[in-house]
Amino acid sequence: MYDHILVPTDGSDHVEPAVEYALDLAQHYDCTVHALHVVDSSPVERKLELTALDDESLPESWHAAGDDATQRIADRAINRGVQAKTEVRRGIPAREIASYVDDNDIDLVSMGTRGHTGLDRLLLGSVTTRIVRTLDVPVLCVNARKTDPATEPQQPVQFDDVLVPTDGSKPAQAAVARAVDIARTYGATLHGLYVVDRRAYASRPGSTWTDLQQVLEDHGTNVLEELESKAEEANVPAVTEVRHGVPHRAIQEYAADTDVDLIVMGTHGRSGLSRQLIGSVTERVLRSSDVPVLTTRRSG
């Protein structure tokens, strides 16, 4: 399923968890890791300088820092028997990442959701958000909370329980396929969750909420039965549940209750309002989740 994994890096410690997950996935899927650093030439990321700089005017130390950051990832990959490629580009980060994905047939991007502190942290967060919203390839987002390596060493990657919230839509089905494959590869248990959200549906003439709730519960049961069937075909153990509540909160509560190690989600739901709702649900989970979140936009 994965042949080329991209890790964009700004050289900060906050990228470390995303690197670790990328390397572990590369080992399990026998694929190549690409380390990319983008020397940002946009005014905002250059500390709000108001005059544009030509590529030739960018400080050489910025390029050297990028070389060092990407090479460190490559060295770690090689030490673990993983093939690695490095590149330093100039330009606007989100655009250059997207371009690199297209140029190198990348099929998974592993990114941290925090960069440096202050302005840089917010900017890296916005880059991650743009990548999640626009790339057709899956994006693994890892919430990199700052730790002290002396007292809190990097924990090894461990996928024992994989959660996939689903509404039965095509993007959700694509997320289910990804989740099943990862669960099979890691020998993990697959958790399927369907959330009945009363706010997401307008009441229909002649129907009471009780009637509509039953329709939604029945739909959720059918969706989860399909998930169980796919898991069984892949010889993956699965547990499923229908819950009621605000979707992103219900997802987070379920993740905490079951101690899942990974959440896999589609970034769009059905159409119109529902699509916007599932999109906002995914982004809210991304912003608040302590466990990695793998997003996917298409069913290809």
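Could you grab me the full set of residues in the range 173-198 that are open to solvent by less than 10 Å² (accessible area, probe 1.4 Å) and farther than 24 Å from Val246 by Cα? Correct list: Ile182, Ala183, Ala188.
Summed over the range 226-260, the residues that are surrounded by fewer than 17 Cβ atoms within 10 Å (Cβ to Cβ) and either touching a residue at least 60 places away in the same chain (Cβ under 8 Å) or touching a His at 6+ places or on another chain (Cβ under 7 Å) (or both) give a count of 3. Within the set Ser229, Ser207, the sole residue that is of a type in the set (S, T, N, Q) and either at pLDDT 95 or above or within 18 Å of Val293 (Cβ to Cβ) (or both) turns out to be Ser229.
The requirement of being exposed (fewer than 15 other Cβ atoms within 10 Å of the Cβ), at pLDDT 90 or above and either over 21 Å from the mean Cα position of the chain (by Cα) or not assigned by the TED database to the domain that holds Ala18 (or both) is satisfied by Gln83.
From the list Val242, Val176, the one residue that fits, being in contact with a Leu (Cβ under 8 Å, 6 or more places away or on another chain), part of a strand (DSSP E or B) and at pLDDT 95 or above, is Val242. Candidates in the range 17-43 are the residues that are acidic (Asp, Glu) and touching a Pro at 6+ places or on another chain (Cβ under 9 Å); of these, the one that is nearest to His63 (Cα to Cα) is Asp40.
The values are calculated or read from the model by the stated rules, or taken from the named source; none is laboratory data. These figures come from a predicted structure and were not determined experimentally. Cβ: placed from backbone, ideal geometry, glycine included. Neighbour counts: every protein chain shown. Ligands, DNA and RNA are excluded from the accessible area calculation, which covers all protein heavy atoms including side chains. Shrake-Rupley method; radii C 1.70, N 1.55, O 1.52, S 1.80 Å.
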